[in-house]
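J.: The structure under discussion is supplied below as structure tokens; questions concerning it will follow.
The values are calculated or read from the model by the stated rules, or taken from the named source; none is laboratory data. Fair warning: this is a prediction, and the values are worked out from it, not measured in the lab. Every residue, glycine as well, gets a Cβ built from its backbone with ideal geometry; the counts of neighbours run over all protein chains shown.
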Amino acid sequence: MSQDSANPVTGTDRVKRGMAEMLKGGVIMDVVTPEQARIAEDAGACAVMALERVPADIRAEGGVSRMSDPDMIDEIVATVSIPVMAKVRIGHFVEAQILQSLGVDYIDESEVLTPADYANHIDKWQFTVPFVCGATNLGEALRRINEGAAMIRSKGEAGTGDVSNATTHMRKIRGEIAQLSALSPDELYVAAKEIQAPYDLVAEVAREGRLPVVLFTAGGIATPADAAMMMQLGADGVFVGSGIFKSGDPARRAHAVVQATTHYDNPDVLAKVSRGLGEAMVGINVDELPVDHRLAERGW
Amino acid sequence: MNVPTVGVLALQGAFREHLNIFDSLGVNTRGVRTSADLAGLDALAIPGGESTTMSRLAADLGVLEPVADVVRSGLPTLGTCAGMIMLADEVIDGRSDQQSFGGLQIAVRRNAFGRQSESFEAQVSMPVLGEPAFPGVFIRAPWVEQASESVEVWGQVERPEGSRIVAVRQGPVVATAFHPELADDDRVHRKFLSLI
């Protein structure tokens with residue numbers, strides 16, 4: 001950190017990771033129009049994810065899915081005062097350069113879009129804007145952090161409304177952290193090799209008993225109860241994609257999910273906010289999806 | 001003297017970091033979500049987070065008025081970043097329907113330093129804490145645009161366009177635009193506790 005206050009330093013680890021700390025206990029909602037962004041902000045979302053199609057539509061329509069049109073991102077940025085995130089394809093560092101130039105607050109290097117590089121993720125240290133990345137297990141999370149991710153979200157299976165994979169991934173990450181914490185220092189070298197993660201990060205996780213960045217959850221969350229369960233499983237906050245704007249009464253459901261995320265450990269409040277929300281998104285059972293249609297398999 | 005109890009508003013944001021620091025300073029701590037949680041507190045902290053989200057949750061829970069009341073009645077209160085916005089009597093560039101607790105006679109400008117790409121770390125000159133300067137972590141931070149005469153300026157940061165007020169105190173209420181809960185420096189929290 002600079003000692004000269006006339007020359008502040010931007011893009012430091014602390015401001016990138018700290019930004020995610022400020023989102024904790026909150027809900028980040030996928031929105032495809034300024035009107036949806038307004039509904040999300042009114043409901044108490046702590047940020048919005050601006051994209052052209054929610055994952056359920058990406059799944060239904062197929063084709064190559066890319067970064068959104070800058071015009072559309074600009075409109076959403078102009079509409080709300082909360083932070084705006086946007087997605088880039090895995091490995092597509094030029095899409096990321098464009099989003100940084102547009103002034104988005106966080107970039108999601110996301111498996112929901114079609115990957116642009118099947119070997120490498122983006123070198124996220126090269127950016128002042130922070131990145132969030134998906135992970136299905138601890139090794140994947142630490143590889144992303146090693147590349148500069150300042151926030152991790154468990155992947156789940158986006159666009160399904162089926163929370164089972166989110167549960168699996170969150171339990172997996174938390175379980176692997178607990179296992180590392182139980183190892184003696186001389187066992188951490190092999191552990192690092194086994195989960196294919198850098199030793200220094202593995203040692204840090206073992207010592208602290210937690211990831212060095214905020215851990216949100218995503219993929220298939222459709223109800224207040226889903227959000228609360230993920231919080232009870234140890235998530236710091238929740239991403240909701242198709243679950244809100246593919247449901248019968250988005251404004252009401254959005255507000256209910258926000259309250260459920262705050263009061264995740266209070267069943268009386270959860271019962272109250274779960275009432276009368278109208279139809280939930282119809283959903284797809286992850287089990288019925290062919291393996292090569294599963295988005296969580298993307299990322300390496 | 002009895003060990004004081006400090007409440008931290010725990011609706012959304014970085015409340016755990018405040019709780020950890022207060023814990024490390026040897027006071028009792030409590031997360032505050034309902035008006036009942038306010039009973040018997042010796043001090044209150046309002047953390048960083050999203051001020052619109054906190055404002056909405058506070059309204060839903062009916063804690064806007066109860067918190068405003070305890071602040072007005074003289075409970076020592078610390079607000080950081082979004083917490084400063086929630087304590088300000090006037091918010092510039094907020095949502096028109098954004099409700100806050102008030103209690104500090106200042107006008108703050110939301111996201112005044114810019115979006116996340118402009119978030120920064122800088123040394124904040126705070127004579128009240130002595131030397132060295134305080135390591136300020138500014139995340140989509142506000143600044144104090146106007147302050148009434150009864151408000152003491154505790155900290156300023158130098159910017160290309162001139163210095164900006166980023167820490168204030170009025171009576172028992174302290175607010176910072178930056179995040180002392182993210183710095184490895186507990187002097188702001190210790191100074192705040194000395195006001196109890």
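J.: Condition check: basic (K, R), more than 10 Å from chain A (Cβ to nearest Cβ), touching a residue at least 24 places away in the same chain (Cβ under 8 Å) and crowded, with 17+ Cβ neighbours inside 10 Å. Does B:R95 satisfy that? Break it down into steps so the answer makes sense when it comes.
T.: Details: basic (K, R): yes; more than 10 Å from chain A (Cβ to nearest Cβ): no; touching a residue at least 24 places away in the same chain (Cβ under 8 Å): yes; crowded, with 17+ Cβ neighbours inside 10 Å: yes.
Here the answer is no, as B:R95 does not meet what is asked.
J.: Which of the residues that make up the stretch A:131-152 are part of a helix (DSSP H, G or I) and either in contact with a strand residue (DSSP E or B) (Cβ under 9 Å, 6 or more places away or on another chain) or of a type in the set (F, W, Y) (or both)? Before you say what the answer is, go through the steps one by one.
T.: Just the residues of the stretch A:131-152 that are part of a helix (DSSP H, G or I), to begin with: A:138-146.
Result: A:E140, A:A141, A:L142, A:R143, A:R144, A:I145.
J.: Which ones in the stretch B:112-148 are of a type in the set (S, T, N, Q) and in contact with a helix residue (DSSP H, G or I) (Cβ under 9 Å, 6 or more places away or on another chain)?
T.: If the condition is that a residue be of a type in the set (S, T, N, Q) and in contact with a helix residue (DSSP H, G or I) (Cβ under 9 Å, 6 or more places away or on another chain), then B:Q116, B:S117, B:S119 are the ones that fit.
J.: Any residue in the stretch B:131-139 that is buried (at least 24 other Cβ atoms within 10 Å of the Cβ), more than 13 Å from B:C81 (Cβ to Cβ) and without any contact (Cβ under 8 Å) to a residue 24 or more places away in the chain?
T.: no
J.: Name the single residue, out of those in the stretch A:153-209 being assigned to a loop (DSSP other than H, G, I, E, B), more than 19 Å from the chain's Cα centre (by Cα) and of a type in the set (S, T, N, Q), that is farthest from A:L289 (Cα to Cα).
T.: A:S184
J.: If the requirement is being in contact with a Ser or Thr (Cβ under 7 Å, 6 or more places away or on another chain) and either in contact (Cβ under 8 Å) with a residue 12 or more places away in the chain or closer than 30 Å to A:Q97 by Cα (or both), which of these qualifies: B:E50, B:E17, B:E118?
T.: Working: B:E50 fails: in contact with a Ser or Thr (Cβ under 7 Å, 6 or more places away or on another chain); B:E17 fails: in contact with a Ser or Thr (Cβ under 7 Å, 6 or more places away or on another chain).
The unique qualifying residue is B:E118.
J.: Step by step: first the residues of the stretch A:112-138, then only those that are without any contact (Cβ under 8 Å) to a residue 60 or more places away in the chain and surrounded by fewer than 22 Cβ atoms within 10 Å (Cβ to Cβ), then the one that is nearest to A:W300 (Cα to Cα). Which residue is that?
T.: A:N120
J.: Determine whether the stretch A:48-67 contains at least one residue that is in a helix (DSSP H, G or I), among the β-branched types (V, I, T) and without any contact (Cβ under 8 Å) to a residue 12 or more places away in the chain.
T.: The answer is no; no qualifying residue exists.
J.: Could you check B:R115 against (1) more than 7 Å from chain A (Cβ to nearest Cβ); (2) surrounded by fewer than 19 Cβ atoms within 10 Å (Cβ to Cβ); (3) closer than 21 Å to A:M19 by Cβ and say which number it fails?
T.: So B:R115 meets the others, but not (1).
J.: Still on this structure, please answer the following. Just to check your reading of the model, which residue among B:L11, B:L41 is within 14 Å of chain A (Cβ to nearest Cβ), in contact with a helix residue (DSSP H, G or I) (Cβ under 8 Å, 6 or more places away or on another chain) and part of a loop (DSSP other than H, G, I, E, B)?
T.: On the way: B:L41 fails: within 14 Å of chain A (Cβ to nearest Cβ).
Just a single option satisfies the conditions, and that option is B:L11.
J.: Pairs only if they're at least six apart or on different chains, beta carbon under 8 angstrom, first in the stretch B:145-157 and within 14 Å of B:P127 (Cβ to Cβ), second at pLDDT 95 or above and basic (K, R); list them, first residue then second.
T.: The qualifying pairs are B:E152/B:R169; B:W154/B:R169; B:Q156/B:R164; B:V157/B:R164.
J.: Does B:E152 qualify as being acidic (D, E), surrounded by fewer than 24 Cβ atoms within 10 Å (Cβ to Cβ) and within 7 Å of chain A (Cβ to nearest Cβ)?
T.: Details: acidic (D, E): yes; surrounded by fewer than 24 Cβ atoms within 10 Å (Cβ to Cβ): yes; within 7 Å of chain A (Cβ to nearest Cβ): no.
Answer is no for this residue.
J.: Being out of contact with any strand residue (DSSP E or B) (no Cβ under 7 Å at 6 or more places or on another chain) and either at pLDDT below 95 or over 22 Å from B:P47 (Cβ atoms) (or both) is the filter here; which residues of the stretch B:142-173 pass it?
T.: B:E149, B:E158, B:R159, B:P160, B:E161, B:G162
J.: Looking at the structure I just gave you, is A:A254 in a helix (DSSP H, G or I), in contact (Cβ under 8 Å) with a residue 40 or more places away in the chain, touching a Phe, Trp or Tyr at 6+ places or on another chain (Cβ under 9 Å) and within 14 Å of chain B (Cβ to nearest Cβ)?
T.: yes
J.: Report, by residue number, each residue of the stretch B:81-92 that is closer than 20 Å to B:E181 by Cβ and either within 12 Å of chain A (Cβ to nearest Cβ) or basic (K, R) (or both).
T.: If the condition is that a residue be closer than 20 Å to B:E181 by Cβ and either within 12 Å of chain A (Cβ to nearest Cβ) or basic (K, R) (or both), then B:C81, B:A82, B:G83, B:I85 are the ones that fit.
J.: Output the residues belonging to the stretch B:98-109 that are part of a loop (DSSP other than H, G, I, E, B) and surrounded by fewer than 21 Cβ atoms within 10 Å (Cβ to Cβ). Spell out the reasoning first.
T.: Of the stretch B:98-109, the ones part of a loop (DSSP other than H, G, I, E, B) are B:98-103.
Passing the criteria: B:Q98, B:Q99, B:G102.
J.: Across the stretch A:260-283, what is the number of residues that are under 20 Å from the mean Cα position of the chain (by Cα) and touching a residue at least 40 places away in the same chain (Cβ under 8 Å)?
T.: Adding up the residues that qualify gives 4.
J.: A follow-up question, please. Within the stretch A:189-204, can one find any residue that is over 13 Å from A:L142 (Cα atoms) and modelled with pLDDT of 95 or more? If you could, list the steps in order and put the result at the bottom.
T.: From the stretch A:189-204, those over 13 Å from A:L142 (Cα atoms) are A:189-190; that's our starting set.
Remaining after also requiring modelled with pLDDT of 95 or more: A:189-190.
Taking every residue of the stretch A:189-204 in turn, at least one turns out to be over 13 Å from A:L142 (Cα atoms) and modelled with pLDDT of 95 or more.
J.: (1) under 25 Å from A:K155 (Cβ atoms); (2) without any contact (Cβ under 8 Å) to a residue 60 or more places away in the chain; (3) crowded, with 16+ Cβ neighbours inside 10 Å: which one isn't true of A:V291, the others all being true?
T.: So A:V291 meets the others, but not (3).
J.: Kindly provide the set of residues from the stretch A:106-130 that are in a loop (DSSP other than H, G, I, E, B) and hydroxyl-bearing (S, T, Y), ordered by number. Spell out the reasoning first.
T.: Within the stretch A:106-130, the subset in a loop (DSSP other than H, G, I, E, B) is A:111-123, A:127-130.
Scanning the stretch A:106-130 gives A:T114, A:Y118, A:T128.
J.: I've got another one for you. Taking the conditions exactly as written (within 21 Å of B:A14 (Cβ to Cβ), of a type in the set (V, I, T) and buried (at least 24 other Cβ atoms within 10 Å of the Cβ)), does A:V213 satisfy them or not?
T.: no
J.: Being surrounded by fewer than 23 Cβ atoms within 10 Å (Cβ to Cβ) and more than 21 Å from A:V80 (Cα to Cα) is the filter; apply it to the stretch B:72-92 and report the residue that is farthest from the chain's Cα centre (by Cα).
T.: Restricting to residues being surrounded by fewer than 23 Cβ atoms within 10 Å (Cβ to Cβ) and more than 21 Å from A:V80 (Cα to Cα), the top hit is B:S73.
J.: Report yes if B:E131 is out of contact with any strand residue (DSSP E or B) (no Cβ under 8 Å at 6 or more places or on another chain) and at pLDDT below 95, otherwise no. First the steps, then the outcome.
T.: Details: out of contact with any strand residue (DSSP E or B) (no Cβ under 8 Å at 6 or more places or on another chain): yes; at pLDDT below 95: yes.
Yes, satisfied.
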